[in-house]
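Engineer: Here it is, the structure, as structure tokens.
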Amino acid sequence: MAHHILQLIEKGESEILDFKKTISSASKIAKTLSAFANHKGGRLLIGVNDNKTISGVKSEDEKYMLDMAAHFYCKPEIDIEIIEWEMGKKVVIEAIIPQGKDKPYYAKDDEGKWWAYIRVKDQSLLASKVVVDVLRRSSSSQGTLIKYTHHEEALLKYLEKNDRILLKEVCKLLNISRWRAQKMLVNLVSTGILRSHTTEKTEFYTLS
């Protein structure tokens, strides 16, 4: 029923809801699909403006682009549910994206390169190497074994006194390579000891 869409629109964009006026390219929409699949899943409303007004779409064009994005521009492919809603004389497309079971999900850009994205508030942001490895670990049946060394102890002591730390600061603090620091952070985030926080410009880590 159409009031379901009106209720979603009223809530506004969030980590599980995104508005698009139209779909201009399959590769761009694949970013959003992969970000939702790597997160908790979500809904995409096409034919809705950022200011919550309904512009409507040509449904067949949009459905074709969504299908292309989900099956040819996402890896693994994402099975999305597409529902067409008539809002007066306008059509709004609702795409329901499930939380992925085979994380990480990648989206292909216009140059043919594959990138993983995550959902942060109302944005789809590029996932770091650490986040990609944490997503991979979350889909694996293998547990995480942590060797609690003086490095882990020093990092946790630092975070008890400081709000956050960057990857490069971990390398400097512990005098270890970037690769080793990333591996340690993946273990600590995967077990819930640390939390990773992604922004448009950087990524940092805090105690959970």
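The values are calculated or read from the model by the stated rules, or taken from the named source; none is laboratory data. Given the structure is predicted, the values throughout are model-derived calculations rather than measurements. Every residue, glycine among them, receives a Cβ derived from its backbone with ideal geometry; neighbour counts consider all protein chains shown.
Engineer: For segment 130-152, does any single residue satisfy the condition of being modelled with pLDDT of 95 or more, under 24 Å from Thr22 (Cβ atoms) and either within 15 Å of the chain's Cα centre (by Cα) or in the same structural domain as Lys21 (by TED's automatic domain parsing) (or both)?
Structural biologist: no
Engineer: Among the numbered conditions (1) closer than 17 Å to Ala37 by Cα; (2) charged (D, E, K, R); (3) not assigned by TED's automatic domain parsing to the domain that holds Gly42, tell me where Arg119 comes up short.
Structural biologist: Only one criterion in (1) closer than 17 Å to Ala37 by Cα; (2) charged (D, E, K, R); (3) not assigned by TED's automatic domain parsing to the domain that holds Gly42 is unmet by Arg119, namely (3).
Engineer: Okay, next question. Exactly one of (1) without any contact (Cβ under 8 Å) to a residue 12 or more places away in the chain; (2) closer than 20 Å to Leu207 by Cβ is unmet by Leu185. Its number?
Structural biologist: So the condition that Leu185 fails would be (1).
Engineer: Could you give every pair whose Cβ atoms fall below 8 Å, whose first residue belongs to segment 20-39 and is assigned by TED's automatic domain parsing to the domain that holds Val57 and over 11 Å from Tyr106 (Cβ atoms), and whose second residue is among the β-branched types (Val, Ile, Thr) and assigned to a helix (DSSP H, G or I), counting only separations of at least 6 or pairs across chains?
Structural biologist: Matching pairs, first to second residue: Lys20/Ile29; Lys20/Thr32; Ile23/Ile29.
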